[in-house]
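Structure first, commentary second.
The values are calculated or read from the model by the stated rules, or taken from the named source; none is laboratory data. Because the structure is a prediction, the values reported are computed rather than measured. Here the Cβ positions follow ideal geometry from the backbone for every residue, glycine too, while neighbour counts run over all protein chains shown.
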Amino acid sequence: MRYKKAFAAGALAALVGVTSPLWWPTQAQGTNMTGFKRYAPEDFFSGQQLTLAQAIHDGDLARVQQLAPRTDLNAPGAKNTTLLSYAVQEIVPVKNDASNPRYQIISVLLKNGADPKAPVGANGGSVADVALRADTPNLLRVLLNSGLDPNWLYNGDTPMIFAVSENRLLPQLRLLIEHKANVNARDSLGKTALFEATMIQQWDVVDYLLAHGADPKIASQLGISYGWVLQNELKNHTTADSPARTRIEEIRRKIVSAGAPWPPLDPKAQRAAMRARGEKVVTPAGQTD
């Protein structure tokens, strides 16, 4: 499963206001705050949670530190809103200031057990989803520094490094790798983030992954090697002097130098070679080996 398809179809929609009134950093791109509205804590919480939510709303770090250890941080309030997701709403106006106390409030909540992977809203997105796709890496940095696994599997089968395979998300990719994310982590069909970045033509990400240990010799369970994916991109860019083709040729030279066979085996031959090595192979529907 390709991460962005799943994300676009569900999690992002829930988090940016289709079913929830909360604003998120993914909405407030750059300095655009048009339509930003802070929602009162009583719109979502009651009892002890409301007391803590009010401290979050007020930006009262000391009060949050006092209340968080004795509050249920993960029980959702109205509209499936958690205290952590409410705190993320509150960073929107200051999202580019990594030293702002509102980020410290998020750290306190995480330290006391708030789950950034917990589903929020009607469609089940999470704070971790938002952090990966935001236009600032600051929220993701707080989550990782507070213990979020950099190899967390989104939706159970896709490593979250797939979510940051766009050039604009290089800051998040750098953070994941700095926190020891596995650059060769595979999805359910055996592809890696290198495949993903190549298929969506994000060449800065491809270069960064290769420079940080991505293996270009890998093939998916369908017998599709990384070289085969790159070769298809070359076929799609036939103009000899086009910037994209020049970039792809540079990448081709890099992977050949790293030991990737060129020309690559076609998928059927690749599957046969994988079977001979005892590797797991999946024959595509409608095909025979």
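Conditions tested, residue by residue: (1) more than 19 Å from ALA197 (Cβ to Cβ); (2) of a type in the set (A, V, I, L, M, F, W, C).
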residue: ASN74; (1), (2): yes, no
residue: SER85; (1), (2): yes, no
residue: GLN89; (1), (2): yes, no
residue: VAL92; (1), (2): yes, yes
residue: ALA114; (1), (2): yes, yes
residue: SER126; (1), (2): yes, no
residue: ASN138; (1), (2): yes, no
residue: LEU148; (1), (2): yes, yes
residue: LEU169; (1), (2): no, yes
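Are any of the residues in the range 178-196 of a type in the set (Lys, Arg), closer than 24 Å to ARG141 by Cβ and within 22 Å of the chain's Cα centre (by Cα)? For the range 178-196, residues of a type in the set (Lys, Arg), closer than 24 Å to ARG141 by Cβ and within 22 Å of the chain's Cα centre (by Cα): present.
Within the range 223-245, restricting attention to residues that are within 18 Å of GLN202 (Cβ to Cβ) and among the polar types (S, T, N, Q), the residue that is farthest from the chain's Cα centre (by Cα) is SER242. Taking the criterion of being under 29 Å from the mean Cα position of the chain (by Cα) and more than 11 Å from LEU222 (Cβ to Cβ), the residues of the range 260-288 that qualify are ALA260, GLU279. Looking across the range 246-268 at every residue that is part of a helix (DSSP H, G or I) and of a type outside the set (D, E, K, R), the one that is nearest to GLN201 (Cα to Cα) is identified as ILE248. In the range 174-192, the residues that are in contact (Cβ under 8 Å) with a residue 60 or more places away in the chain and more than 12 Å from TRP152 (Cα to Cα) form Cβ pairs under 6 Å with partners that are among the hydroxyl-bearing types (Ser, Thr, Tyr) and buried (at least 19 other Cβ atoms within 10 Å of the Cβ), at six or more places apart or across chains, as follows: LEU189/SER220; GLY190/SER220. Of the listed requirements (1) outside any helix (DSSP H, G or I); (2) touching a residue at least 60 places away in the same chain (Cβ under 8 Å); (3) polar (S, T, N, Q), ASN151 misses just one: (2).
For the range 42-65, a residue qualifies if it is over 19 Å from LYS95 (Cα atoms), of a type outside the set (A, V, I, L, M) and out of contact with any Asp or Glu (no Cβ under 9 Å at 6 or more places or on another chain), and the qualifying residues are GLU42, ASP43, PHE44, PHE45, SER46, GLY47, THR51, ARG63, GLN65.
Check VAL64, VAL88 and return the single one that is within 20 Å of ASN145 (Cα to Cα), crowded, with 16+ Cβ neighbours inside 10 Å and at pLDDT below 95.
Within the list VAL64, VAL88, the selection yields VAL88.
With at pLDDT 95 or above, surrounded by fewer than 18 Cβ atoms within 10 Å (Cβ to Cβ) and either more than 21 Å from LYS180 (Cβ to Cβ) or out of contact with any Phe, Trp or Tyr (no Cβ under 8 Å at 6 or more places or on another chain) (or both) as the only criterion, which of ASN96, ASN145, ASN123 stands out? Quick ask: steps written out before the conclusion?
Numbers: ASN96 fails: at pLDDT 95 or above; ASN123 fails: at pLDDT 95 or above.
Exactly one of ASN96, ASN145, ASN123 is at pLDDT 95 or above, surrounded by fewer than 18 Cβ atoms within 10 Å (Cβ to Cβ) and either more than 21 Å from LYS180 (Cβ to Cβ) or out of contact with any Phe, Trp or Tyr (no Cβ under 8 Å at 6 or more places or on another chain) (or both), namely ASN145.
The criterion of at least 2 residues that are acidic (Asp, Glu) is met, among helices (runs of 4 or more DSSP H) falling completely within the range 165-219, by 203-211. So which residues in the range 130-142 are crowded, with 21+ Cβ neighbours inside 10 Å and at pLDDT below 95, if there are any at all? Scanning the range 130-142 gives VAL130, ALA131, LEU132, ARG133, ALA134. So, ILE218, is that one in contact (Cβ under 8 Å) with a residue 40 or more places away in the chain, closer than 18 Å to PHE162 by Cβ and either exposed (fewer than 13 other Cβ atoms within 10 Å of the Cβ) or in contact with a helix residue (DSSP H, G or I) (Cβ under 7 Å, 6 or more places away or on another chain) (or both) or not? The answer is no for ILE218.
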